[in-house]
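K.L.:
After the structure tokens below, expect a handful of questions from me.
The values are calculated or read from the model by the stated rules, or taken from the named source; none is laboratory data. Computed from a prediction, not measured in an experiment: that's the story for all the values here. FYI the Cβ positions are ideal-geometry reconstructions off the backbone, even for glycines, and counts take in every protein chain you see. In case anyone asks, the SASA skips ligands and DNA or RNA and just uses the protein heavy atoms, side chains included. Shrake-Rupley method; radii C 1.70, N 1.55, O 1.52, S 1.80 Å.
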Amino acid sequence: QVQLVESGGGLVQAGGSLTLSCILSGRDFSNRAMGWFRQAPGKEREFVAGITWSGTDYGDSEKDRGRISRNNNKNTMYLEMNNLKPEDTAVYYCAARLDSRVRSEAHEYDYWGQGTQVTVSS
């Protein structure tokens, strides 16, 4: 059974940093694409960043402030976020695809974690 478990969320002041982690179990995704999404209350799930063996891709929100990485030996994916803003407040989800290409559409992903709350105070 595939499981994705996020951690690292919390409350941070504007301008601060957080690093989210996603531990994957139940299947080898080292050659598959994984991604981070976020969802704020009343809004659609938004692509934040994606990673595969050939590279990374970023949504507009984290293009200059975030960094996605993964450690296949630890089955873990990370999202480092810097210079956080109140508009970054959301539940952040990690996701995995049964395909090697990063996609920015949530419906393209096959497995999801439960999410971790990130709250940025002004």
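K.L.:
With every atom except the alpha carbons ignored, what do you get for Rg and Dmax of the chain, in angstroms?
P.N.:
Considering the chain through its Cα atoms, Rg and Dmax are 13.3, 40 Å.
K.L.:
Please compute the per residue accessible area over the chain with all protein chains in place, 1.4 Å probe, rounded to a whole number of Å². Before the final figure, lay out each step's value.
P.N.:
Details: 6530 Å² over 122 residues.
Per-residue value: 54 Å².
K.L.:
Name the most mobile residue of TYR93, TYR58, TYR111, meaning the one with the largest mean-square fluctuation, in a Gaussian network model of the chain with Cα contacts below 10 Å.
P.N.:
TYR111
K.L.:
Now a separate question. Please report the carbon-and-sulfur percent of the accessible area for the chain; probe 1.4 Å, protein heavy atoms only, DNA, RNA and ligands left out.
P.N.:
Details: 2670 of 6530 Å².
That share works out to 41 percent.
K.L.:
In addition: Roughly how compact is the stretch 23-73, stated as its Cα Rg over 2.2 N^0.38 Å to two decimals?
P.N.:
Numbers: Rg = 12.3 Å, N = 51, 2.2 N^0.38 = 9.8 Å.
Ratio of Rg to 2.2 N^0.38 Å for the stretch 23-73: 1.25.
K.L.:
On a 1.4 Å probe surface of the protein chains, which of ASP88, ASP99, ASP60, ASP28 comes out largest in accessible area, and what is the full order?
P.N.:
On the way: ASP88 0, ASP99 35, ASP60 135, ASP28 100 Å².
Accessible-area ranking of ASP88, ASP99, ASP60, ASP28, largest first: ASP60, ASP28, ASP99, ASP88.
K.L.:
Give, as a single signed number, the net charge of other residues whose beta carbon lies under 12 Å from the beta carbon of THR76, with Lys and Arg counted +1 and Asp and Glu -1. Kindly include the intermediate steps, with their values, before the conclusion.
P.N.:
Details: positive: ARG70, LYS74; negative: GLU6.
Local charge sum for THR76: +1.
K.L.:
Still on this structure, please answer the following. Quote the relative contact order of the chain in percent (integer), defining contacts as alpha-carbon pairs under 8 Å separated by 6+ residues. Don't jump to the answer; show the numbers that get you there.
P.N.:
Details: 313 pairs, mean separation 44.1, N = 122.
Relative CO of the chain lands at 36 percent.
K.L.:
Just for the chain, what percent of DSSP beta bridges are antiparallel, to the closest 5? Write down the numbers at each step before the final one.
P.N.:
Details: 37 of 41 bridges.
Counting DSSP beta bridges with both partners in the chain, the antiparallel share is about 90 percent.
K.L.:
Give me the extension gain from ARG101 to ASN83: residue separation times 0.36 nm, minus the current Cα-Cα distance, reported in nm with one decimal.
P.N.:
Here the segment from ARG101 to ASN83 would lengthen by 3.6 nm.
K.L.:
Take the Cα gyration tensor of the stretch 78-119, multiply each eigenvalue by 5, square-root it, and list the three semi-axes largest first, rounded to whole angstrom. Walk me through the intermediate numbers first.
P.N.:
Numbers: eigenvalues 104, 27, 16 Å².
Over the Cα atoms of the stretch 78-119, the semi-axes work out to 23, 12, 9 Å.
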